[in-house]
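The values are calculated or read from the model by the stated rules, or taken from the named source; none is laboratory data. These numbers were taken from a predicted model, which means no experiment stands behind them. Note that each Cβ is placed from the backbone with ideal geometry, even for glycine, and that neighbours are counted across all protein chains shown. In case anyone asks, the SASA skips ligands and DNA or RNA and just uses the protein heavy atoms, side chains included. Shrake-Rupley method; radii C 1.70, N 1.55, O 1.52, S 1.80 Å.
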Amino acid sequence: MATGDSRADLIRQLRRAARRRRVLVDPPQPPPEDPNPPESPVPTQPGSTESPDEERPAPSSGQPGDGQRADWGQRIAILANAVTAPVAIAALLFTGISSLQAREELRNRNRELNISEQGQVTERFAAATEQLGSDAVDVRLGGIYSLQRIMKDSPPDRVVILEVLTAFIRTHAVKPKGPNRGNPPKAAEDAKAAAKILVERPLQLDVTQDDFYEADLNGVYLVEMQLFGANLAYAQLDGADLRNTKLGRARLEHARLAKSRLNRAYGFMVQLREAVLDKADASDAKLVGADLTSASLNGADLRRVDLSAADLHGASLKRANLQGATFFDTQLSNAALNGALLDKADMMRVRGLTVDQILEARPTATTKLPPHIARDARVKARIRNVERGLR
């Protein structure tokens, strides 16, 4: 028996050793996991009151599960947001403060630059005005052109400079002394330069008409000036001497030119709407295409004036001297011709002329009238009366 038992024990030990070797050499592979494994009953311990059907918490292995991973991810995201938001706000605050500081520095620099520029402008203005008082013509011319430069560089000072130039013209654009034989002497060079800057400024500078509103140029002497395209609207030029002046396309609407001298002035398409030229001397002037709508020329000397293609609608020519005047294609509708002398005037091809206007005027046998007006018996009688009065 003893021998059989020893043999049996030996066989069991050999079998256990063989099983251990198989486990170490080729460990068994676990079966694939079932996505929905059946719940295995949990063995109850002796003395336990738990039912086999009750769920027990799975033993913790120290590794987080899917739920724990989600909780940790949310916590990390919240923590990241909590850290990032203050940083972003701080960055925005820093950027805003830096921008405000940069703007303030820029404003301070601009303010300092403006102060510096104004100081320079003031010095230049003082030097230019001092030059205007010099006895030398070339020095005065230098001051005039310096003021022109300041007008371009400093818009706020333009009005003051215009007033200075206007005053300079009034005091220096005077008739030269000495005998006046033949053609009148030209205006002084410095006065002409100042006037040129003054009246041509709309072509050079961005200045409104109000800056030159009602400029006082009464009595100035600007003979043979080149004022083509000049802006003299609303200017006061009563008694001004503008003989032989070039006024082509100049703006003189609403200007006052009473008793002014415009002999032989060239005013192609000059704007004289509602201007006042009472008792002005414009004999031999060329006012072709001029706009004289509603202008006042009462008592004006318009002998031999060329008013071809001019617009005199509503103009007042009472007691004007129109001897030898040319009215080719001239608009005379509603023009007042009361007492106007029409001796040798050519009115053959005027527009808007009526018999009543001629009856108010002083036509003569040498007046060239439209045929339908010349044949009127009342006009013929008026001509006879005028002729008797002129003898």
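Scattering from segment 223-348 was approximated by placing one identical point on each alpha carbon and applying the Debye formula without solvent; log10 I(q)/I(0) at 0.09, 0.13, 0.14, 0.20 1/Å stands at -0.19, -0.41, -0.47, -1.05. Label separation (residue 110 vs residue 174): 4.8 nm, computed from points 7 Å beyond Cα along the C-beta direction. Summing +1 for each Lys or Arg and -1 for each Asp or Glu among the other residues whose beta-carbon sits under 12 angstrom from that of residue 293 gives -3.
Highest mean first, the peptides 144-156, 278-290 sorted by other C-beta atoms within 10 Å per residue fall in the order 278-290, 144-156.
If R0 is taken as 22 Å, the Cβ-Cβ distance between residue 333 and residue 372 corresponds to a FRET efficiency of 0.90.
Legend: calculated FRET efficiency, residue 269 to residue 100, from the Cβ-Cβ distance at R0 = 45 Å, rounded to 0.05, equals 0.20. In the assembled protein chains, residue 234 presents an accessible area of approximately 70 Å² (probe radius 1.4 Å). Note that segment 161-169 has calculated 3J(HN,Hα) couplings of 5, 4, 5, 5, 5, 4, 5, 5, 5 Hz, one per residue in order, obtained from phi through the Karplus relation 6.51 cos²θ - 1.76 cosθ + 1.60 (θ = phi - 60°); glycine and proline are x.
The packing ranking, built from the mean of other Cβ atoms within 10 Å per residue, places the peptides 163-173, 375-385, 99-109 in the order 163-173, 375-385, 99-109, highest first. Taking packing as the residue-averaged number of other Cβ atoms within 10 angstrom, the listed peptides 322-331, 296-305 run from highest to lowest as 296-305, 322-331. Antiparallel beta bridges, as assigned by DSSP with both residues in segment 296-366, represent about 0 percent of the total such bridges. Largest first, the extents of the alpha carbon coordinates of segment 310-391 on the three principal axes equal 32, 24, 20 Å. So which of 286/318; 152/279; 175/246; 196/344; 177/246 end up more than 28 Å apart by C-alpha? Checking Cα-Cα distances, 152/279; 196/344 exceed 28 Å.
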